[in-house]
Amino acid sequence: MSDPLIPPDGPPDGTTDVKERTETKVKPPSMYRVVLVNDDFTPREFVVYLLVSIFQKNREEAGRIMLTAHQGGKSVVGVYTYDVATSRVDKARKQAVEAGFPLALYTEEV
């Protein structure tokens, strides 16, 4: 529908309304690494189970992550956006508490 205040042949001053397109640059989201901390109470199989079920690791990679934490004190599980990292850490902690284990995970900005 046309604007009744502007004549059909354009504005009275003879100019045309042309809007220039501005390019919006979107900054990529900050990334966070999830770190698994070794403890002497959480069973290795339970840690592997969480890595497979929550962090979508295959059993081989989950076993490697678990052993790295066991031998070195901590291990990087993966790098995710903030929302994904925190939600997966929260879910893993909740399952560990429900199972009676003191599993320690934390996130840190990359």
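What follows draws every value from the coordinates through simple rules; no lab data is involved. Computed from a prediction, not measured in an experiment: that's the story for all the values here. We place every Cβ from the backbone using ideal geometry, glycine too, and count neighbours over all the protein chains shown.
Look at where the Cα atoms of region 45-76 and of region 19-44 average out, and the two centres are 19 Å apart. The magnitude of the dipole of region 31-109, with charges of +1 and -1 set on the Cβ of Lys/Arg and Asp/Glu and taken from the Cα centre, is near 120 debye.
Label point of T68 set 7 angstrom out along Cα-Cβ; within region 15-54, amide nitrogens under 20 Å from it belong to 31-40, 42-54. Residue order for V76, V34, V18, fewest other beta carbons within 10 angstrom first, comes to V18, V76, V34. Put in line by how crowded their Cβ is, counting other Cβ atoms within 10 Å and starting with the fewest, M31, M66 read M31, M66.
Each of T42, T24, T107, T81 was scored by other Cβ atoms within 10 Å of its Cβ. Arranged with the fewest first, they read T24, T81, T107, T42. I need the shape label for region 31-109. Rule: rounded when a/c is under 1.5, else prolate if a/b > b/c, else oblate, with a, b, c from the alpha carbon gyration tensor. Rounded, since a/c falls under 1.5.
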